[in-house]
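Structure first, commentary second.
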Amino acid sequence: MVICLCLLCAGAAAALDHSYSNDTSLNADGNWIELQGENSIKLPMVSLSRASVNWTYPIASHPVYHESQMINATFFGSRDLANETIEVFVDDLAYSSFMRAVDVLDGPANFTATFGTFGPYRLNSTGDASFSLQGMAAGIYSIYVAFENSSWPLSASPLLVTETDMEVSTPPVTSAGDLLAVKVKLDDGYDGRPLTYGTFIVSAEDYRALTFNITGDGSRPGTVVNLRWNEEALSILGDSDIGWDLLARMLMIFPRDSAAALQDSVDGEVTLYMITEDDWAPGAYILTSIVLSQEGVVGLNQTEVMIV
Amino acid sequence: MRIFSLLFLLLFALVSPMTAFEVSPINPNPGDPVTIRGVASPGEEVRLRSSFEMDIPVVNGKYEYVATGVQIPQRPNRLSVAANNVDDLKVGVRMGIWVTMPVRASGGVASVSKPDVPPGRYTLKIFGEALPGVTTVSVRVDAETAVRAGSDGSYQMVMDTSGVPEGKYNIRAGRDEKVVMIGRSPVGAGMYGSKLSEIGTTSPRRVEESPESGRLIDAGPPTPIPEPYYREMKRGDSENPDDLVRYFNAARNRAANLDVFEKAAFYEYYLSGCGFSVSFAYSENFDGSSQDHLWLLMMTKKGEAINVDPSYSVKGASSLMPLEPRYSRYDQRFEVIYEAAETLGVERLAWWTDEIAWGSTVEVTSTTGEEAVEVSEDFVVEKSVAKGGFISWIRDLLTQAFAKIGLAVTSQVG
């Protein structure tokens with residue numbers, strides 16, 4: 001679950017086109033898509049370092065939407081795109097296409113507008129434009145921005161739409177060494193289905209310390225995602241399979257002051273218990289909770305608790 | 001945890017009713033290896049099973065039982081825990097970090113059964129809320145594993161009883177049942193290797209003359225020291241104690257589930273590989289505690305010996321490099337793992353049987369972050385992921401999450 005989040009973040013972070021460097025808007029590198037929403041997930045620092053491509057994802061958090069919720073976003077283009085016309089495409093998130101769109105992999109992105117084309121939108125004098133997408137069904141999508149009548153993406157961003165909202169409640173302050181009870185309650189939509197609830201806690205300081213640096217030669221086998229978490233590091237090859245070995249390796253770089261809990265349930269509400277230890281560092285901790293079904297992500301939430 | 005250990009430790013054969021087996025010795029001292037030998041049909045998979053019960057005191061409506069270093073044997077295996085008089089049951093497994101899996105209770109009874117638990121050494125915590133008014137919670141633990149008989153029909157499994165509390169355990173193979181008595185007196189014996197939490201629970205009291213668990217360490221003969229054993233890794237500044245501390249911290253998570261002796265052996269291997277001159281120091285009666293202890297000595301070029309105790313917190317020492325006088329006395333010194341194993345027994349040092357400690361190829365970096373120190377995966381022999389187990393569960397979650405974006409999730413069949 002946590003890994004899912006990490007990789008989601010990595011995907012989000014990859015959503016920056018390096019190609020334009022003259023933008024003077026929010027980010028000097030330009031050509032990135034910022035989604036706006038209230039339920040946001042904090043992102044680690046993600047960067048791409050290739051021989052001819054370098055970028056660092058400038059957005060600190062990424063919103064998660066629920067079904068039918070309006071999606072508002074802004075494309076911040078480079079200044080040399082001023083007054084150009086763009087279109088927005090929504091497709092399933094496919095690893096290869098997405099990574100090509102953000103220059104992690106070489107080759108055409110080959111995306112299609114499976115879930116619609118929006119626009120055209122005229123960029124302003126600084127190359128920016130805001131747009132809105134109608135609410136979508138739950139799923140994991142990719143938003144592509146391209147020139148009108150073009151299939152070459154200027155930028156891309158992942159988009160996660162969950163089935164419903166969920167409420168996560170926990171004592172705002174917990175003593176290190178105590179059990180931390182996390183109550184997760186879905187707003188609706190569980191209908192007695194078997195769902196898997198998971199939650200993960202890590203200190204805010206450690207959360208900020210997580211970095212992803214992507215390197216490679218443009219091919220999938222030649223791509224390496226380097227995770228660094230404090231003094232720990234782990235390299236994942238681009239063609240790695242997601243299995244126990246990788247999971248075990250990732251668990252080993254998790255900060256010591258972190259814990260997870262899992263529970264299956266057919267109810268729309270469960271309480272998960274996190275084991276904390278006496279020597280956890282006091283301070284703010286990030287609590288990330290997710291609910292999964294066979295079909296996908298039912299709910300995702302991130303909140304903060306204090307450990308004293 | 002102990003429970004789990006026991007489960008697995010005590011082996012148990014349940015194959016055909018005709019299966020015969022023997023246990024030797026039947027009254028070992030804690031820490032002694034116990035060997036189970038039996039005869040079945042040539043090539044037959046012999047399923048071994050054990051169970052025990054214990055009462056856990058209830059304090060402030062809660063019960064808790066923690067055991068460290070429980071070793072889960074090879075697959076196939078199954079571990080089951082059932083609790084009575086409980087409102088709920090939670091099982092925590094420390095796999096680098098704590099992962100908790102709550103279990104629902106109905107009618108005061110809660111149980112969890114997991115097949116194909118990944119082999120390795122873990123810390124387990126069993127805890128929850130008791131029913132109102134009860135003073136003890138009864139917990140039953142069942143462990144099952146299997147061993148394949150050789151071409152002559154014989155099979156063997158060795159139990160590591162180090163850290164195992166004294167007590168009586170029933171071992172079953174088919175309709176045949178035997179008893180292993182660990183320690184001289186099964187009554188009132190203390191718990192070994194357990195750590196109880198702040199909620200104030202005390203050691204579980206054994207039901208009917210204190211049946212407790214042993215620890216099943218492996219099937220077949222004692223796990224040998226891998227060959228080649230020592231390896232060169234990223235070199236540290238062998239004269240700099242601070243550098244040793246950094247390397248120690250870098251591998252900390254990897255050693256989280258090891259017991260005291262295994263941890264000492266692990267760091268001897270690891271620090272030696274990183275260029276530090278370290279050896280073992282062994283005390284038969286450490287600090288007058290009637291318990292033996294194993295730690296390390298780091299030698300400087302000036303001939304100075306610096307104590308390094310990877311288990312310093314367990315021993316109540318002030319730091320990784322303790323200065324307390326009790327560390328100034330040791331009975332034996334072992335320069336290499338082979339010397340230590342000859343005296344202490346390889347089972348007590350066999351950290352390489354822990355999947356997390358050996359891991360897959362894992363990079364451990366120093367705080368400089370400039371280079372990676374690689375721990376080899378050469379000795380990882382168990383990578384299978386069978387259907388229906390905890391890992392399968394996680395894998396399924398990953399499958400759900402990644403399938404739609406084109407990332408493969410594998411299931412390796414062992």
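Where a number appears in this text, it was derived from the coordinates with a stated rule and is not lab data. The structure presented is a predicted model; accordingly, all values stated were derived computationally and were not measured. Ideal geometry is used to build each Cβ from the backbone, glycine not excepted, and the neighbour counts take in all protein chains shown.
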Overall form of chain A per C-alpha gyration tensor (a/c, 1.5; a/b vs b/c)
prolate
Using the 10 angstrom Cβ neighbour count as an exposure proxy, how do B:W352, A:W32 rank, fewest first?
B:W352, A:W32
In degrees, nearest 10, range 0 to 90: what is the angle between the Cα axis of helix A:2-13 and the longest Cα principal axis of chain A?
20
How big is the charge dipole of chain A about its Cα centre, in debye rounded to the nearest 20, if each Lys and Arg gets +1 on its Cβ and each Asp and Glu gets -1 on its Cβ?
500
Give the average, rounded to an integer, of partner chain Cβ atoms located within 10 angstrom of each Cβ in A:257-263.
5
Modelled FRET efficiency - R0 41 Å, B:R329 with A:A284, Cβ distances, 0.05 increments
0.35
Once the piece of chain linking A:R122 and A:S219 is laid out straight, how much longer is it, given 0.36 nm per residue of separation minus the C-alpha distance between them?
31.5 nm
Cut-off is 10 Å between beta-carbons; in what order do B:D116, A:D279, A:D92 appear when sorted fewest neighbours first?
A:D279, A:D92, B:D116
What FRET efficiency do you get for A:T112 and A:V266 if R0 is 41 Å and r is their Cβ-Cβ distance, rounded to the nearest 0.05?
0.65
With R₀ set to 41 angstrom, the calculated FRET efficiency between the beta-carbons of A:E304 and B:N29, to the nearest 0.05, is 0.20
With the convex hull built on the Cα atoms of region B:241-375, state its orientation-averaged projected area in nm².
8.0
Measuring from its Cα centre, region B:264-363 shows a charge dipole (+1 at each Lys and Arg Cβ, -1 at each Asp and Glu Cβ) which, in debye to the nearest 20, is 380
Among A:A146, A:L160, A:T114 the positive-end extreme of the charge dipole of chain A (Cβ point charges):
A:A146
With B:L296 itself left out, Lys, Arg at +1 and Asp, Glu at -1 over residues whose Cβ is under 11 Å from its Cβ give 0
What is the angle, in °, between the Cα long axis of helix A:244-253 and the longest principal axis of the Cα atoms in chain A? Nearest 10 is fine, range 0 to 90.
80
For a footprinting-style exposure proxy, rank A:E34, B:E239 by other Cβ within 10 Å, fewest first.
B:E239, A:E34
